[in-house]
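One structure is given below, encoded as structure tokens.
What follows draws every value from the coordinates through simple rules; no lab data is involved. Because the structure is predicted, anything quoted here is derived from the model rather than measured. Heads up, the Cβs are rebuilt from the backbone with ideal geometry, glycines too, and the neighbour counts pull from every protein chain shown.
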Amino acid sequence: MQRWTSQQSLILEILYDAEHFLSAEQVYDIVKQKQSNVGIATVYRNLKKMVGQGLIGEVTLKHISYYTRHPFSNAFFLCEKCGKMLRVEIPITDQNYLSGEIGMSVNRWKMRFEGICRECEECT
Ligand SMILES: [Zn+2]
């Protein structure tokens, strides 16, 4: 359970840091450098799962799938209890606005919220 979650987090971080689309093999190459015990089947499974959850985007070109962070969101929420990750849409998406606010040139941004998801909240 814990390992599954840390792999998902790692893959998500990789995709949110990437400048462009990555194939599953490319994601796997980066994952391997950090968690050498991970198999490519696990990477595939996690990618498919996260596409289903709406956390990441997928395009298929000539029968090869490429993955990217979600095009409309740079923010995600991690539940501290069940480890589930959810995409969060918040209105600050304008890089020029962000650059003006902090007085530095923003090229990309990401946010990670941590807390308790709705389902876990209802269970307590
Ligand atoms: Zn939860």
If each of CYS120 and ILE64 carries a label point 7 Å out from its Cα toward its Cβ, how far apart are those two points in nm? 3.7
Two pseudo-spin positions, 7 Å from Cα along C-beta at ARG112 and at ARG45, lie apart in nanometres by 2.3
Where GluC sites (Glu not before Pro) fall in DSSP loop in segment 17-107, at most 13 other Cβ within 10 Å: GLU19, GLU80, GLU89
How high is the relative contact order of the chain, in percent, counting Cα pairs under 8 Å that sit 6 or more residues apart? 21
How much length would be gained if the chain were fully extended between GLN33 and LYS81, taking 0.36 nm per residue of separation minus their Cα-Cα distance, in nm to one decimal? 14.5 nm
Members of LYS32/LYS84; LYS34/LYS62; LYS34/LYS110 lying beyond 25 Å, as alpha-carbon distances in this model show: LYS34/LYS62
